Amino acid sequence: MSEKAKPFVQSLKSMPADYRFLGSSPLEDSSSSGSSVPVTIPRNGHLKNGAVGGVDSANDDSPYGLQSISNGDESSLVDEDPIVPLPESNDRRWSDTSVYARKKALQFWVQLPNGNWELGKVLSTSGEESVIKLPEGNVLKVISETLVPANPDILDGVDDLMQLSYLNEPSVLYNLEYRYNQDMIYTKAGPVLVAVNPFKEVPLYGDSNIEAYRKRSNQSPHVYAIADTAIREMIRDEVNQSIIISGESGAGKTETAKIAMQYLASLGGGSGIENEILKTNPILEAFGNAKTLRNDNSSRFGKLIEIHFSETRKISGAKIQTFLLEKSRVVQCAEGERSYHIFYQLCAGASPALREKLNLTSAKEYNYLRQSNCYSIKGVDDAERFQAVQEALDIVHVSKDDQESVFAMLAAVLWLGNVSFSIIDNENHAEPESDESLSTVARLIGCNINDLKLALSKRNIKVRNETFVQKLTLSQAIDARDALAKSIYACLFDWLVEQINKSLAVGKRRTGRSISILDIYGFESFNKNSFEQFCINYANERLQQHFNRHLFKLEQEEYIKDGIDWRRVDFEDNQTCLRLFEKKPLGLLSLLDEESTFPNGTDLTLANKLMEHLSDNSCFRGDRGKTFTVAHYAGEVTYETTGFLEKNRDLLHSDSIKLLSSCSRHLPQAFASSMLVHSEKPVVGPLHKAGGADSQRLSVATKFKGQLFELMQRLGKTTPHFIRCIKPNSVQSPGLYEQELVLQQLRCCGVLEVVRISRSGFPTRMSHQKFALRYGFLLLESIAAKDPLSVSVAILHQFNILPEMYLVGYTKLFFRTGQIGVLEDTRNRTLHGILRLQSCFRGHQARSRLREFKRGITALQSFIRGEKIRKDYTELLRRHRACSAIQSYVKTIRGELVRRCGGDIKYGGTKRNESGEVLVQASVLSELQRRVLRTEAALREKEEENDILRQRLQQYDNRWTPGRSGSVGLSVISRLAEEFGQRAQVFGDDTKFLMEVKSGKVEANLSPERELRRLKQMFETWKKDYGGRLRETKTILSRLGNEETGGSPLVERVKTKWWGRLRSTRF
């Protein structure tokens, strides 16, 4: 018991001073035990001003803090039963947790006078008072109605707050802390995912976890699960999806958006587009994020990333839209904060060549950066991050030349801050000093240094047809310098986003299906709140209304529209606050724009005008001086109007625009063109009177309002998925859980309201037609002739869905949480079985066809090979017969040749001698001899051909005709023996020669070791081949010997003698 109470020892002063959790009737009497002296804690008063969720904030940095509300005397517990105030409320919102058994002395939460919650057990009751024992042994006497029931231990750490038996604030706080301490940072709250920033690495991400959520083998709450649900619903319903991530600064919105993008990118795109999308994060963080007092990586702009998908469920492209970059941070930073990360990364990570080209120095040398005395972030290497930014720019196809131009613009902004001014007369007129800073800025942006000096020190004023030159005072010159620096940086940021969108362009691959991820600044409230906080909190009011409309308003309106008997649930609506901002002509934005157009308008006149026209609005309170207070949905925020008008105008003088357009570099020219293109309607005012301001003809508030309305329209056409990021502590330390801060954020983001309404409603709904079409095939009987409503009811009955788990409307079915998942699981299993059966049948068909094809191919090959062999045999047999016929007539041919040769001899050169002998001349005789020799040569060639033909015929005879004479065996054995002897002689001679070379007896230009290895390899190869032929010959001779019963004894003796000699011979 003590372990469970331990987390609530810390202060929870943010609880409403008169808030009372219902859920109990007066305690019945039970036996008293324990010896400690009881202390009486009676009821307390009511909440001041009736503020919604009134909070006593103990932390000035909290964005939810209101004015302090006293909790009364917090004196220590004494023995005299002092009167100590405790929370009390008549709110019945938590009536669904009101039933529990006090007789069993269950655990209860009790709030101590200092705001701490502790867990205890009731010892006894007396009337409206109860005695409760705390884990430390202290005994308190409290009002029975102030006790809050605790959940049983079995529900500790549930992953969905809807599973809690008692849904009250201390139980929710304890459940989130229980999971947070075990690194389970994600918890479901009905349809909303609550993500608590761990401020450290947790083992919940990576490819293995992505695969687990894709296969749905892991059902724990996670950003991956939200992204997977969005993908499945986009495919199933053919409706665009959106993931809306909200939370205060430092709650982890940016990291959560990156995790969602990581899961979507895991689907791939086939062309590397998914890697390009992920690489946009380092660029946008470097140029749009900065270190603040609350967050080391705070997004100072809002962004909407719209990721498009192809018909094959692959990423086909993306588009990024940004909102309200905090330009003032470029020229002004609070103590302990930093400007945008890219400035420090450039100074730390630029190469020596780049540093020389840009004339870069240390970050401490630039006025814009050193005014906050903060140059680094613990655990962050700016030089390493700069390399990552360069790699990302390469991936999104920003050329090296453009990258160099970007870095030049950044360096120009830094050097602009170092431009100093000197007073030139008694009227405080100033002009920039011609020093290194001024010349460097002129060189980096590519302008003439004299033109730059004129733009920073003088103004051209047009009155009718005449132009006057006005010198600027020191403060005006400094403002002109800062305005130029802010404009250059803002235009550079927009240009980079434009280049990224070109790289991620969808083009012809667009299918209309997309998932949008919104990462926008959370609700902010500081000690001093200016125009930036005014716009940011207005945006959060709009997002909160979208959240309310989706989860509360539309929820109940749809029940009523579909004829469902539904008990309306009250919820806190912020429509009154939105009307305060947007009402025309007497709203905050309208009055701000109106005052911005007046030549003599000042911050004080703005504050007085707001107090005059808006004092009757319940969400507005005018204060003294230049301040006013707005009661936002998350709490009251006091704004100072100092700088409101100037920031709303955000005007850059026409002289500065002309300066940029005259630059030789292409980026300043592009910036000037962009500022001129966005000029839509003229603005009158002091700056216009001073010479015209053409860079921003729409006020910042009007432009931001238009962007916000466009965003809301886009989100309204999607199915939203909400992620509420929670910051567990204000010091960004892992493992630290400040319950007061967490409770404030839970109240402000409406998590408890969502759970309350979701538990009492039917969050899942589907039309009859779609339900019947999706699950109709699961019915056991035919449904062809039935209407969708009958089919839907039949499905519900078949699967035994309890009546209290669904409602049937005019056009839709409404289900409790989790019921549609049962049907989806059944559908998926059935489809999986069908696909498995189909695959088995198709596999059987394919295997049968394959076996049939193999049999046909084998038969065809056998026929073709047999036919070819028969043809070859017939041809050889014909040649053999021809050779035999030729040989039988050899003698006849020889005689014919002699006769033919002899017939050509002329006997004119012959004569007879006295004895009657014929005498032939020598020339004739030589001619005859030559002819005889040619004839013999031709005859030998024919005999050789005959021998070759006889050998081939003999080979085919041996193959196809079994049973040959012993002479065949003798010839084969003789050839093998002859080959054996020759090879033995050759190998022996070569070995002997190499050994002599090795021993040095013979000189030779070769390596004996290498040659011996090569000779051994040759011998092994021949030996293997010879052994194979020898075995084959032996087998054939054995078969011939067995078949010829009357074999020649001579052959047997020769075979025996030769085989024996072969076996006894060794190399």
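The values are calculated or read from the model by the stated rules, or taken from the named source; none is laboratory data. These numbers come from a predicted model, not from an experiment. Quick reminder, even Gly has a Cβ in these numbers, built from the backbone with ideal geometry, and neighbours come from all protein chains shown. Areas reflect the complete protein model, heavy atoms only, side chains present, ligands, DNA and RNA absent. Shrake-Rupley method; radii C 1.70, N 1.55, O 1.52, S 1.80 Å.
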Complete set of residues in segment 277-294 that are farther than 17 Å from Ala383 by Cβ and under 15 Å from the mean Cα position of the chain (by Cα): Ile277, Leu278, Lys279, Thr280, Asn281
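Out of Leu813, Leu796, Leu837, report the one residue that is under 14 Å from Ala772 (Cβ atoms) and within 38 Å of the chain's Cα centre (by Cα).
Values: Leu796 fails: within 38 Å of the chain's Cα centre (by Cα); Leu837 fails: under 14 Å from Ala772 (Cβ atoms).
Matching residue, one of Leu813, Leu796, Leu837: Leu813.
When segment 235-248 is examined, which residues are found to be open to solvent by less than 10 Å² (accessible area, probe 1.4 Å) and at pLDDT below 90?
Residue satisfying the conditions is Glu248 alone.
Quick check: is even one residue across segment 487-494 under 21 Å from Phe704 (Cα atoms), assigned to a helix (DSSP H, G or I) and of a type in the set (Val, Ile, Thr)?
Going residue by residue through segment 487-494, those that are under 21 Å from Phe704 (Cα atoms) are 487-494.
Going one step further and asking which of them are assigned to a helix (DSSP H, G or I), we end up with 487-494.
Those still in the list that are of a type in the set (Val, Ile, Thr) too: 488.
Within segment 487-494, one or more residues are under 21 Å from Phe704 (Cα atoms), assigned to a helix (DSSP H, G or I) and of a type in the set (Val, Ile, Thr).
Go through segment 635-657 and give me each residue that's closer than 15 Å to Ser618 by Cα and either buried (at least 22 other Cβ atoms within 10 Å of the Cβ) or without any contact (Cβ under 8 Å) to a residue 24 or more places away in the chain (or both).
Gly635, Val637
Return the residues of segment 158-199 that are open to solvent by 40 Å² or more (accessible area, probe 1.4 Å) and not in a strand (DSSP E or B); say none if nothing qualifies. Steps first, answer last, please.
Keep residues of segment 158-199 that are open to solvent by 40 Å² or more (accessible area, probe 1.4 Å), which gives 159, 163, 165, 178, 181-184, 188, 191, 199.
Answer for segment 158-199, where residues must be open to solvent by 40 Å² or more (accessible area, probe 1.4 Å) and not in a strand (DSSP E or B): Asp159, Gln163, Ser165, Tyr178, Asn181, Gln182, Asp183, Met184, Pro191, Phe199.
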Flag for Arg756 being among the basic types (Lys, Arg) and out of contact with any strand residue (DSSP E or B) (no Cβ under 6 Å at 6 or more places or on another chain): yes
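Out of segment 801-855, which residues are assigned to a loop (DSSP other than H, G, I, E, B) and among the small types (Gly, Ala, Ser)? Talk me through it step by step, then tell me what you get.
Initially, segment 801-855 is screened for residues assigned to a loop (DSSP other than H, G, I, E, B), giving 801-802, 809-811, 816-818.
The answer is Gly809, Gly818.
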Some residue of segment 282-289 being modelled with pLDDT under 90, open to solvent by less than 20 Å² (accessible area, probe 1.4 Å) and not basic (Lys, Arg): no
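Could you tell me whether Leu592 is within 40 Å of the chain's Cα centre (by Cα) and within 30 Å of Phe547 (Cα to Cα)? Talk me through it step by step, then tell me what you get.
Values: within 40 Å of the chain's Cα centre (by Cα): no; within 30 Å of Phe547 (Cα to Cα): yes.
Criteria not met by Leu592.
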Close pairs (9 angstrom Cβ cut-off, 6 or more residues apart or separate chains): within 16 Å of Thr187 (Cα to Cα) and of a type in the set (A, V, I, L, M, F, W, C) in segment 211-235, open to solvent by 50 Å² or more (accessible area, probe 1.4 Å) and part of a helix (DSSP H, G or I) anywhere: Val223/Gln262; Ala227/Gln262
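Could you list, in sequence order, the residues of segment 250-267 that are part of a loop (DSSP other than H, G, I, E, B) and either more than 24 Å from Pro728 (Cβ to Cβ) or open to solvent by less than 10 Å² (accessible area, probe 1.4 Å) (or both)?
Narrowing segment 250-267 to residues part of a loop (DSSP other than H, G, I, E, B): 250-252, 266-267.
Of everything in segment 250-267, those that are part of a loop (DSSP other than H, G, I, E, B) and either more than 24 Å from Pro728 (Cβ to Cβ) or open to solvent by less than 10 Å² (accessible area, probe 1.4 Å) (or both) turn out to be Gly250, Ala251, Ser266, Leu267.
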Elements of type strands (runs of 3 or more DSSP E) contained in segment 412-473, each with 3 or more residues being out of contact with any Lys or Arg (no Cβ under 7 Å at 6 or more places or on another chain): 421-423, 458-463, 466-471
Evaluation of Ile478 against (1) part of a helix (DSSP H, G or I); (2) open to solvent by 10 Å² or more (accessible area, probe 1.4 Å); (3) closer than 25 Å to Gln321 by Cβ; (4) among the hydrophobic types (A, V, I, L, M, F, W, C) (one fails), failing number: (3)
Considering residues of segment 290-312 that are touching a residue at least 60 places away in the same chain (Cβ under 8 Å), open to solvent by less than 10 Å² (accessible area, probe 1.4 Å) and hydrophobic (A, V, I, L, M, F, W, C) only, the residue farthest from Glu337 (Cα to Cα): Phe309
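Yes or no, residue by residue, for (1) of a type in the set (S, T, N, Q); (2) over 25 Å from Gln470 (Cβ atoms); (3) out of contact with any strand residue (DSSP E or B) (no Cβ under 8 Å at 6 or more places or on another chain):
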position: Asn367; (1), (2), (3): yes, yes, yes
position: Glu384; (1), (2), (3): no, yes, yes
position: Val396; (1), (2), (3): no, yes, yes
position: Lys400; (1), (2), (3): no, yes, yes
position: Ala408; (1), (2), (3): no, yes, yes
position: Ser420; (1), (2), (3): yes, no, no
position: Cys447; (1), (2), (3): no, no, yes
position: Leu452; (1), (2), (3): no, no, no
Among residues of segment 282-309, those that are more than 12 Å from Arg329 (Cα to Cα), in a loop (DSSP other than H, G, I, E, B) and touching a helix residue (DSSP H, G or I) at 6+ places or on another chain (Cβ under 7 Å), counted: 1
Failed item in (1) hydrophobic (A, V, I, L, M, F, W, C); (2) part of a loop (DSSP other than H, G, I, E, B); (3) within 28 Å of Ser674 (Cα to Cα), with Val731 passing the rest: (3)
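Can you say whether Lys786 is over 28 Å from the mean Cα position of the chain (by Cα) and outside any helix (DSSP H, G or I), as far as the supplied structure shows? Explain how you work it out, then say what you get.
Working: over 28 Å from the mean Cα position of the chain (by Cα): yes; outside any helix (DSSP H, G or I): yes.
Judged against the criteria, Lys786 is a match.
Scan segment 381-397 and tell me whether some residue there is in a loop (DSSP other than H, G, I, E, B) and more than 20 Å from Lys291 (Cβ to Cβ).
Applying the first criterion (in a loop (DSSP other than H, G, I, E, B)) to segment 381-397 yields 381, 396-397.
After this cut, where a residue has to be more than 20 Å from Lys291 (Cβ to Cβ) as well, the list is 396-397.
Looking for residues that are in a loop (DSSP other than H, G, I, E, B) and more than 20 Å from Lys291 (Cβ to Cβ), one finds at least one in segment 381-397, hence yes.
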Residue selected from segment 376-396 under the condition closer than 17 Å to Asp296 by Cβ and not hydrophobic (A, V, I, L, M, F, W, C), by the criterion most open to solvent (accessible area, probe 1.4 Å): Lys378
